[in-house]
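For reference, the structure discussed in these notes is given below.
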Amino acid sequence: MTTFITRKHLSRRTVLQGVGAAVALPLLDAMIPAATALEKTAAAPKPRLVCVYFPHGAVMDKWTPKKQGADFDLPPIIASLAPFQKQLTVVSGLENHPAIAAPVHAVTPGTWLSCVAPRISHDPLGGTTLDQIAAQHFGQGTSLPSIEVGTEERGGEGSCDRNYGCSYGKTISFRDPSTPLPMEHNPRKLFQQLFGQGDTANERVAMLKENQSLLDLVSRDAADIKRSLGARDQALLDDYLTTVREIERRVDQIASRDLSSVQLPDAPSGIPSHFDEHMRLMYDMIALAFQANLTRVATYMIAAEVSNQPYNFIGISDAFHPLSHHANNPQKMEKLAQVQAWNTGEFAKFLKKLQDLPDGEGNMLDNSFVLFGSNMSDSNLHNHYPLPTAIVGGGMGKLKGNQHLKFADRTPIANVHLTLLDRMGVPMEKFGDSTQKFVEI
Amino acid sequence: MKTRIASLFLVVGSTLAGVVLAADTKVAMPEQNWHFLEAYCSGCHNATDWAGGAAFETLDRDDVAPDAKLWEEAVRKLRGNLMPPPGEKQPDPASRKAFMNSLETTLDHSSAADVNPGTVVLHRLNRPEYAIAIHELLDLDIDADALLPRDDSSAGFDNVADVLKITPAFLEQYLAAARQVSVEAMGNPAARTQSTVYAGTQAAQQYMYMPGMPLGTRGGMLVEHTFPVDGDYEVTVSGLVGGGYVWGVMDPFTLIITVDGERVFQGQVGGEADLKAIDVQQAVGVGEIDQRFRNIRIKVPTGRHSIGVTYKQKTAAEHNEVLNGFVSVAGMGQMVNGNSGGPRISNLEIKGPLSRAGISDTPSRRKLLVCKPANAAQEAPCAKQILGVLAKRAYRRPVTDADLAGPISFYEQGRKQGTFDDGIQKGVMAILASPKFLYRFHTPPPGTLPGQTFALSDLDLATRLSFFLWSAPPDDALIDLAAAGRLREPRVLDQQVHRMLADPRARSLATNFAGQWLNVRGLELVNPDTNLFPDFTDDLIPAFREELYDFVWDIFGNDRSVQELLTSDYSFLNERLALHYGVKGVRGGEFRKVRMEQPERRGLLGKGAVLMATSYANRTSPVVRGAYVLEHIMGTPPASPPPGVATFIESQEGGEQLTVRARLEAHRAVKSCGACHGVIDPVGLSLENYNALGQWRAKDIDAGSAIDAGGKLADGTPVNGVNALRDYLVGRPDLFVQTLTENLLTYALGRPAQYYDMPLVRKLVRDAAANDFRFSTLVTGIVSSPAFLTDRAPLPPAIKGAVMSANTQPPGQEQKK
């Protein structure tokens, strides 16, 4: 049994008396009984999209299958995906050319799902990301169009750059070209984002109502301010008002939903002190959000760019980022591959959770599009080709699975994004530097 | 072209007195500078090669203004000796200096014709500002990190307006925070029973006295907890002893629980009977011991109080082992617990209220409730008064009835459903949720055209000033002066700056400004390998930071020369830190001023925070340290490594163990690497005598050889160790003081310092030099500059012409199908 434990003594956990002092993980065990799952009432399952990003690339010869086509081999880094091979497509030969820039780490995360070269500016301007385009199309029916999740709040030096700023290095999700969405790494705050403040169903409803009037006041005050602003600030305040309206819509949606029969786990107390526990918890929260149909789109950055996290729990005390500069030293590469294989293993556990959740005729994984990869290839070379990329999930029958596809060298990864959007029912002509859709996937 | 249009607007509508305009003045680059460029730069920076995107022959010879950005970049590269790269033909120092001076003078001249004060957009309160504002408004300390999302930062600072965006997650969390903070401030007489668990960390040690605990105690943990109502609460301490091999339990200990430093409970743990119980009965024994420290009842009044758990100190004659709970020595923790679980963590749980006896006075209520209604008729006017006083402070200006209408309707709603206090809580929540509190901005005078420079109103100036110096909203005195229209008077402004610098709130210049400038907020990310550094404990990190903040604040607050940041021979230590540095005679947990005998500990370069921030978990990194000094101390950051190159810096392992120096030398031999590493490495290597935790060392343990901290800086200056590096920096205020100034300007303005600010930065450094580099000279210089006193109305957002692809469309125009 794992308990929520916080690293900072100021972080706290708050539980109701009677519920018990030690609430157990994983969340899913204590969760919504299947019979009351909210999605039951929905007519037909909807697609889900999850994009899981790992920093610092992969040791490619321990990632890339030797065999092409069906029933391919699974090298060590992706060996733990074996149970899902029927719904797994490994794509090789991909490049993200727009990601190439001198301050590598500071632009790598933010370009993974946009495939647009970012403006050299602290005030970011890149591209709307895959997940957000999906969220605009099929995320609007849920209370949260998307969730953005991280494990570490910040990485080491290098995830920011004096010319590019910090925005492209800290998130993989951009709502629009100039609005990076922060990755929430605090499970407690993520929980409140999903279910609202308050400890009981009644309290949550009361607070939602109060939020509606607070939002009215906020809109009026914003309109007041707007009159005394210059043109550009007025435009910024318009963004703010758009946000207010989005929250209003969300609040209305939650308020109209009867959450009283849902037995929720207690809100996590704060940030678990161990990295591995923390990562599992965040995966659990994503699965929970899907199960409760609170969102259909999630992005997850499993470690910060330039993460210096040591993997002590598997006996590797080297910090992740310096280890990734392995200098082609076989021992270091082996250790790095172990780190990467462990990351994939946790991802595989998440896939299992999705698989265990009934959804429509099948399970949640059957209806999901899951992209798993990095926007860097060889961390020692800081390059963006060939990218480690895997697609998992049944994709509502729109993904073939069980294949290792090797495309022409330096095929834009944007083609994969464009293809995924297409299969999710989001028709687009072009995405980033895409050149075509793939019929093969 | 743009600058000239802007100047025209300024002529038309300037509200600034005394601005002399010379829109047609062109300042040419002196002829001899072209010879220099020809001789040393144009070999690569020409229209054929375009190295670094620069070709000097393409620049305007008659006017430096259009290319000012590139010229400033060139000056910076020269100043840091980053160009010409090591290995290329170098100018002699005198001609380099003459060229730099001439370039700078020319640029200063040119910029004087049209000073661009820059533009700061709508500015959202960031996390630390929010927390400090709440403290100022409500006398309440909150943990903003747990309430609000992470802010983006830019140019190293989290108060840069451009990147303080708002997204749904932000807005929701600001609303939630408004609710929680207002409830905490007022107290809650009907609070439900809740349980809050504080996890012990390694920082909760048990071998030294902790400030805030009763004398005669040792270690423990101390938490600040907000109690919603007067009443009974229960404290449970768990995890003191575990099963299996039990550390330290063979001896009896007296555990003490305190409320605000007063002992409210004591109990015994350990000794022969307990040892036997654990040994024989295992979990049952442990359970019985735990039971003694479960549900200990305490009575606490409303508000924030400190709850402590500690041990009674024993004499040296007694066996003085540490007990399992609060094990602080990480290496020891691993030995006890194995690598799997990490050091044992013990929890402090506070549960309650179990009885409710009303709300008693708290600092928050005293601050907030400026009147008390004696009867029902007084309630409404009193509520209006309370909310009016708060709104003035929160909105940073005199408020109107229209401002108060919203909060008052919240009050009325709350009053209708509950008590007067409930009403006030709702009103406070409304004020804290308002964008009038969350945003600061500069209101242009009516009729201001885009691109036109305008003077900040006195009230906007007051806000800018107080967020600069205090990270806080202005106090009543400042608001009143501004409302009276007097703040802009130079004498009044100067008085206010000095008053504010003398106020303890200005310590935020150490914690928020210097903490970010010197990049020491992320020390927790280093995660030292405790196999290599068995002495490392988590409490070292806050101690490092405290030392740095006390040190910086001592210099800033006492208006000393900022050069002393490099040279001061004193620091601020507590026992933990003194032990770490090997300084004798410092006892106890409080920090105090200590003279540092070793010259190696002088100034910023000898501070553990800086040295740890530039290290990895298992070793030092001369590259990271060198680049850090270049960027944060010298202001001449090296370029990033180009993509696609092998980064085999300092990681060759295997057969022969080489020193880091030897590995770096091999790396520099590659020409493309040597161009930057020839500049970076010698700086970092001169700090090699400090290990990854900033401890002094004479030997490289990996290679088994003595540390060689010698080398040559890029300009040929030989340095051997930190003392020589420091001497070099002291002699180059154009590097260190200028870097500090540039960073301070960024922080003051809330926007990154730009190329067009550099003439101002140089002027500030010159003026400071004439005044012994006193800190206040820099501050008053910034505050009285056009960049601070004025703002340029931005041009409307550009409408992008060619849409590159479907996902690059500007906001609001995403494709809809």
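What the table shows:
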| read-out | value |
| --- | --- |
| Computed magnitude of the charge dipole of chain B (debye, nearest 20; Cβ of K, R +1, Cβ of D, E -1) | 1300 debye |
| Computed E for B:Glu224/A:Gln140 - FRET, C-beta separation, R0 60 angstrom, nearest 0.05 | 0.90 |
| Backbone N under 15 Å from the B:Gln32 label point (7 Å along Cα→Cβ), restricted to region B:89-103 | B:92-103 |
| Modelled FRET efficiency - R0 60 Å, B:Arg366 with B:Ala706, Cβ distances, 0.05 increments | 0.45 |
| Gyration tensor verdict on the protein assembly as shown (Cα atoms; rounded if a/c is under 1.5, prolate if a/b is larger than b/c, oblate otherwise) | rounded |
| Amide proton proximity set for A:Asp161, modelled H, under 5 Å, gap of 5+ | A:Cys166 |
| For region B:618-626, Karplus couplings with θ = phi - 60° (6.51, -1.76, 1.60), whole Hz, Gly/Pro x | 10, 6, 7, 9, x, 5, 4, 5, x |
| Built amide H within the under 5 Å cut-off of B:Gly603, gap 5+ | B:Ser568, B:Tyr570 |
| Fraction of antiparallel bridges per DSSP, the protein assembly as shown only, in percent to nearest 5 | 80 percent |
| 12 Å Cα-Cα reach of A:Lys226 towards aspartates and glutamates, excluding residues that sit fewer than 8 places from it in its own chain | A:Asp238, A:Asp239 |
| Prolate/oblate/rounded call for region A:174-215, Cα gyration tensor, a/c under 1.5 rounded | oblate |
| Extension gain from B:Asp715 to B:Asp401, taking 0.36 nm per residue of separation minus the Cα-Cα distance | 106.6 nm |
| Residues with amide H under 5 Å from that of B:Met210, placed H, sequence gap 5 or more | B:Gly219 |
| Dipole in debye (nearest 20) - the protein assembly as shown, about Cα centre, beta carbon charges: Lys, Arg +1; Asp, Glu -1 | 1260 debye |
| ³J(HN,Hα) computed for each position of region B:351-363 - Karplus, 6.51 cos²θ - 1.76 cosθ + 1.60, integer Hz, glycine/proline x | 10, x, x, 9, 9, 10, 10, x, 9, 9, 4, 10, x |
| Net dipole in debye of region B:553-600 [+1 Lys, Arg Cβ; -1 Asp, Glu Cβ; about Cα centre; nearest 20] | 220 debye |
| Antiparallel bridges, percent of DSSP beta bridges restricted to chain A (to nearest 5) | 45 percent |
| Inter-chain Cβ neighbour average for residues A:100-106, partner chain, 10 Å | 3 |
| For region A:327-363 and region B:663-687, distance of Cα centres in Å | 38 Å |
| Region B:372-443: chymotrypsin sites (Phe, Trp or Tyr not before Pro) falling in loop per DSSP and having at most 10 other Cβ within 10 Å | none |
| A:Lys400-A:Phe313 FRET efficiency (beta carbon distance; Förster radius 51 Å; 0.05 resolution) | 0.90 |
| Cysteines without a disulfide-compatible neighbour (Cβ-Cβ under 4.7 Å), the protein assembly as shown | A:Cys51, A:Cys115, B:Cys41, B:Cys44, B:Cys673, B:Cys676 |
| Prolate/oblate/rounded label for chain B (Cα gyration tensor, a/c 1.5) | oblate |
| Relative contact order computed over chain A (Cα-Cα under 8 Å; 6+ residues apart), in percent | 32 percent |
| Relative contact order %, chain B, counting alpha carbon pairs below 8 Å whose residues are six or more apart | 14 percent |
| Per-residue [θ]222 nm for the protein assembly as shown (sum of -39500 (n - 2.57) over DSSP H runs n ≥ 4, rounded to 500) | -11500 deg cm²/dmol |
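Readers should treat all values here as calculations from the given coordinates under stated rules, not as data from a laboratory. Please read these numbers as outputs of a predicted model, since none were measured by experiment. Heads up, the Cβs are rebuilt from the backbone with ideal geometry, glycines too, and the neighbour counts pull from every protein chain shown.
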